[in-house]
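Read the figures in this text as sums done on the coordinates, not as results from a lab. Since the structure is predicted, the reported quantities are computational estimates derived from the model, not experimental observations. Virtual Cβ from ideal backbone geometry, glycine too; neighbours counted across all protein chains shown.
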Amino acid sequence: MYVCVCNAIREAELREAARRTCGTAESVYAALGKRPDCRQCLDEADEMIGEERLRTRPQTVAA
């Protein structure tokens with residue numbers, strides 16, 4: 001699925017970039033060599049980025 005039609009950014013590409021980049025959707029787009037055009041995708045992209053970072057966060061175990 002495309003997250004950003006203007007830049008042809010797919011969900012898998014966005015999630016992979018979120019794992020190696022910090023910051024908001026705009027930062028992740030920049031890491032992909034893109035920048036938001038119409039900006040309609042940013043809220044959804046930020047949600048996906050947050051989900052991905054929570055999903056891949058290392059789990060800590062209390063001793």
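Just check the chain against the gyration tensor rule for me: Cα atoms, a ≥ b ≥ c as the square roots of the eigenvalues, rounded for a/c under 1.5, and otherwise prolate or oblate depending on whether a/b exceeds b/c.
It comes out prolate by the Cα gyration axes.
Applying the Karplus parametrisation 6.51 cos²θ - 1.76 cosθ + 1.60 with θ = phi - 60° to the phi angles of segment 5-22, what ³J(HN,Hα) value in whole Hz is obtained for each residue in order, glycine and proline being reported as x?
Couplings: 6, 4, 10, 6, 9, 8, 4, 4, 5, 5, 5, 5, 5, 5, 5, 10, 10, 9 Hz.
Once you place label points 7 Å from the Cα toward the Cβ at TYR2 and GLU44, how far apart are they in nm?
Rounded to a tenth, the inter-label distance reads 1.1 nm.
Only Cα pairs under 8 Å and at least 6 apart count here; give the relative contact order of the chain as a rounded whole percent.
32
Could you derive backbone 3J(HN,Hα) for segment 48-54 from the dihedral phi with the Karplus parameters 6.51, -1.76 and 1.60 (θ = phi - 60°), listing whole Hz in sequence and x where the residue is Gly or Pro?
With coefficients 6.51, -1.76 and 1.60, one gets 4, 5, x, 4, 5, 5, 5 Hz.
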